[in-house]
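One structure is given below, encoded as structure tokens.
The values are calculated or read from the model by the stated rules, or taken from the named source; none is laboratory data. Here the structure is a predicted model, which is why all the values come from computation and not from measurement. Cβ coordinates were reconstructed from backbone atoms using ideal geometry, including for glycine residues, and neighbour counts include every protein chain displayed. Side chains are part of the model used for accessible areas, which takes the heavy atoms of the whole protein and leaves out ligands, DNA and RNA. Shrake-Rupley method; radii C 1.70, N 1.55, O 1.52, S 1.80 Å.
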Amino acid sequence: MEILVCVKRVPTVGGVLTLTADKRAIDTKTSGFTISPHEECAVEEAVRLVERFGGSVTVASLGPVAAEEQLRACLALGASAAVLLETADGVETGPITTAAALHAVAAAGAFDLVLLGNEASDTGDYQVGVRVAHALGLPCVTGIKGVAIEDRKLTARREAGGGWEIFELPLPAVVTVKEGINLPRYASLPGRLRAKTIPIARIEPQPRASALETIRLVVPREQETHVEIIDGGAEAAPRVVEVLRELGLVTP
């Protein structure tokens with residue numbers, strides 16, 4: 001079984017987000033980089049499937065030269081090959097351009113399955129997987145937390161309303177997975193050493209014009225919370241009504 005996993009280099013911002021001076025990007029000077037948790041689970045799922053059925057896992061990423069670090073991390077987890085679709089430093093691509101570049105890799109190989117994270121942790125576009133599937137003309141399911149393959153048929157499970165939605169797709173197919181589908185392994189020392197020796201294919205993606213332009217970003221204000229203790233008894237009723245009106249729960 002040949003599996004392609006598409007990953008994205010994203011900042012590991014765990015604190016307060018800060019923007020660049022022009023308000024058009026996140027300032028990553030003080031943050032490290034990783035891949036999205038959903039995509040980490042996608043790599044783990046691909047490795048598990050290959051361990052069961054045989055074959056190989058290829059990881060692909062659209063990003064700067066520094067994204068080789070994230071690709072080698074995937075190789076250390078068990079991927080067999082990696083492809084970097086190289087962009088210039090500081091260039092942020094939207095979902096249309098990203099999907100077009102990844103489609104070129106997916107279409108060039110005889111992949112039985114293409115896995116992606118359900119959405120990137122930095123932009124949350126939710127679009128790339130569906131766009132890649134559409135370009136390939138393949139069936140696609142999103143938000144998946146369970147995968148099984150038997151007789152060239154993929155069964156996928158998605159949480160819905162306290163239960164599960166079950167999908168059956170013929171292979172090849174495109175699936176976007178969510179964090180929680182598995183527990184990703186830690187890279188072993190032999191895996192890390194092996195990852196250093198594997199050459200990473202580098203491709204310059206074809207430029208694609210986009211009608212969209214980033215004007216500026218805005219960091220949303222943190223929601224303020226406070227507690228007010230109101231005395232009990234009938235005397236507290238007027239204040240309770242006043243608080244409900246302030247919250248917009250009742251009309252004047």
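State whether one or more residues within region 102-110 are under 22 Å from ARG131 (Cα atoms), open to solvent by 50 Å² or more (accessible area, probe 1.4 Å), over 17 Å from the mean Cα position of the chain (by Cα) and without any contact (Cβ under 8 Å) to a residue 24 or more places away in the chain.
There is at least one residue in region 102-110 that is under 22 Å from ARG131 (Cα atoms), open to solvent by 50 Å² or more (accessible area, probe 1.4 Å), over 17 Å from the mean Cα position of the chain (by Cα) and without any contact (Cβ under 8 Å) to a residue 24 or more places away in the chain.
Is it fair to say LEU75 is aliphatic (A, V, I, L, M), at pLDDT 95 or above, farther than 24 Å from GLY124 by Cβ and out of contact with any His (no Cβ under 8 Å at 6 or more places or on another chain)?
On the way: aliphatic (A, V, I, L, M): yes; at pLDDT 95 or above: yes; farther than 24 Å from GLY124 by Cβ: yes; out of contact with any His (no Cβ under 8 Å at 6 or more places or on another chain): yes.
It is true that LEU75 is aliphatic (A, V, I, L, M), at pLDDT 95 or above, farther than 24 Å from GLY124 by Cβ and out of contact with any His (no Cβ under 8 Å at 6 or more places or on another chain).
So ARG158 ticks every box in (1) over 21 Å from the mean Cα position of the chain (by Cα); (2) outside any loop (DSSP other than H, G, I, E, B); (3) surrounded by 10 or more Cβ atoms within 10 Å (Cβ to Cβ); (4) without any contact (Cβ under 8 Å) to a residue 60 or more places away in the chain but one. Which box is left unticked?
All conditions are met except number (1).
For THR142, all conditions in the list (1) of a type outside the set (A, V, I, L, M, F, W, C); (2) in a strand (DSSP E or B); (3) surrounded by fewer than 18 Cβ atoms within 10 Å (Cβ to Cβ) hold save one; what is the number of the exception?
(3)
Please determine, by comparing only the residues of region 81-97 that are free of Cβ contacts under 8 Å to residues at least 40 places away in the same chain and not aliphatic (A, V, I, L, M), which one is most open to solvent (accessible area, probe 1.4 Å).
Applying the first criterion (free of Cβ contacts under 8 Å to residues at least 40 places away in the same chain) to region 81-97 yields 88-89, 91, 93, 95.
From what is left, the residues that are not aliphatic (A, V, I, L, M) are 89, 93, 95.
Working: ASP89: 126, THR93: 37, PRO95: 22 Å².
Selected residue: ASP89.
Just one of ARG216, ARG194 is within 22 Å of GLU68 (Cα to Cα), open to solvent by 80 Å² or more (accessible area, probe 1.4 Å) and touching a residue at least 24 places away in the same chain (Cβ under 8 Å); which is it? Working first, answer last.
Values: ARG216 fails: within 22 Å of GLU68 (Cα to Cα).
Exactly one of ARG216, ARG194 is within 22 Å of GLU68 (Cα to Cα), open to solvent by 80 Å² or more (accessible area, probe 1.4 Å) and touching a residue at least 24 places away in the same chain (Cβ under 8 Å), namely ARG194.
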